[in-house]
Amino acid sequence: NLSYLSIQNNPEQSSTKFLNEFKSPDRIREIAEINGELYLMGSKNLWRFNPNTGLLTSLFNCSQFQWMYEKNGLIWFFEPYGSVYTYHPSHSLPTKTNIIAKADCVRKYSNVIYYHIMGEGFAMIDERGQAQTLTSKSPIIPYTLNFEVIENKLIIQNANQYDVYIINPKKS
């Protein structure tokens, strides 16, 4: 069972309340919030949960997607080793973008989505929704499933150590 915890707009208030509880009909892998509603990416479907009404609605089959992130009111879906799709809550289905990610790992930091392209390197989707390849004068390990982004640093697992790169996105 999941319980939606609403935190008041005033961070100084310590009172919180559970609005509704529901039993999840799917194995939830990712969660995003847009306009006070929760979007839950299950292993089979994308679900929308309205905490005010307690209504849980199945929106569409999303089993082909591996990762989901909210960015600027859109939900971004990534196929493993495939394409990127966006979903707007007012639409019925996701829309395929012109971004081919070929991702095997995806992370989000500060409204930028970073992804590793197996065998090739790293890329990002910037604040405007544009994809950029991340390049370096130093070699980047092309095969890793483990990385994190913290502030302006890309931290990549390389065997038993970590390689750290400073991210300087291109300005266009």
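Name every residue in the stretch 22-47 that is under 23 Å from residue 111 (Cβ atoms), of a type outside the set (Val, Ile, Thr), open to solvent by less than 60 Å² (accessible area, probe 1.4 Å) and in a strand (DSSP E or B), in order of residue number.
Selection gives 30, 32, 37, 38, 39, 40, 41, 46.
Scan the stretch 82-97 and tell me whether some residue there is crowded, with 16+ Cβ neighbours inside 10 Å, in contact with a strand residue (DSSP E or B) (Cβ under 6 Å, 6 or more places away or on another chain), touching a residue at least 40 places away in the same chain (Cβ under 8 Å) and more than 27 Å from residue 48 (Cα to Cα).
No, that holds for no residue.
Kindly evaluate residue 73 against the criterion of being at pLDDT below 95 and on the phi > 0 side of the Ramachandran plot.
yes
Any idea how many residues of the stretch 127-155 are free of Cβ contacts under 8 Å to residues at least 24 places away in the same chain and β-branched (Val, Ile, Thr)?
Qualifying residue count, the stretch 127-155: 4.
Here is a check on your reading of the model: is residue 85 farther than 20 Å from residue 165 by Cβ and either among the hydroxyl-bearing types (Ser, Thr, Tyr) or in a loop (DSSP other than H, G, I, E, B) (or both)?
In short, yes.
Being in a loop (DSSP other than H, G, I, E, B) and surrounded by 15 or more Cβ atoms within 10 Å (Cβ to Cβ) is the filter here; which residues of the stretch 127-151 pass it?
129, 140, 144
Looking for whichever is in a loop (DSSP other than H, G, I, E, B), modelled with pLDDT of 90 or more and aliphatic (A, V, I, L, M) here; the options are 154, 93. Which one fits?
93
When you go through (1) in contact (Cβ under 8 Å) with a residue 24 or more places away in the chain; (2) in a strand (DSSP E or B); (3) open to solvent by less than 50 Å² (accessible area, probe 1.4 Å); (4) under 24 Å from residue 43 (Cα atoms) one by one for residue 124, which number turns out not to apply?
If we test residue 124 against (1) in contact (Cβ under 8 Å) with a residue 24 or more places away in the chain; (2) in a strand (DSSP E or B); (3) open to solvent by less than 50 Å² (accessible area, probe 1.4 Å); (4) under 24 Å from residue 43 (Cα atoms), just (4) comes out false.
From the list 74, 38, exactly one residue is in contact with a Ser or Thr (Cβ under 7 Å, 6 or more places away or on another chain) and aliphatic (A, V, I, L, M). Which is it? Write out each step before concluding.
Working: 38 fails: in contact with a Ser or Thr (Cβ under 7 Å, 6 or more places away or on another chain).
Just a single option satisfies the conditions, and that option is 74.
The values are calculated or read from the model by the stated rules, or taken from the named source; none is laboratory data. Small disclaimer: the values here were computed from a predicted structure and weren't measured. Positions of Cβ are backbone-derived with ideal geometry, glycine not excepted, and every protein chain shown enters the neighbour counts. Ligands, DNA and RNA are excluded from the accessible area calculation, which covers all protein heavy atoms including side chains. Shrake-Rupley method; radii C 1.70, N 1.55, O 1.52, S 1.80 Å.
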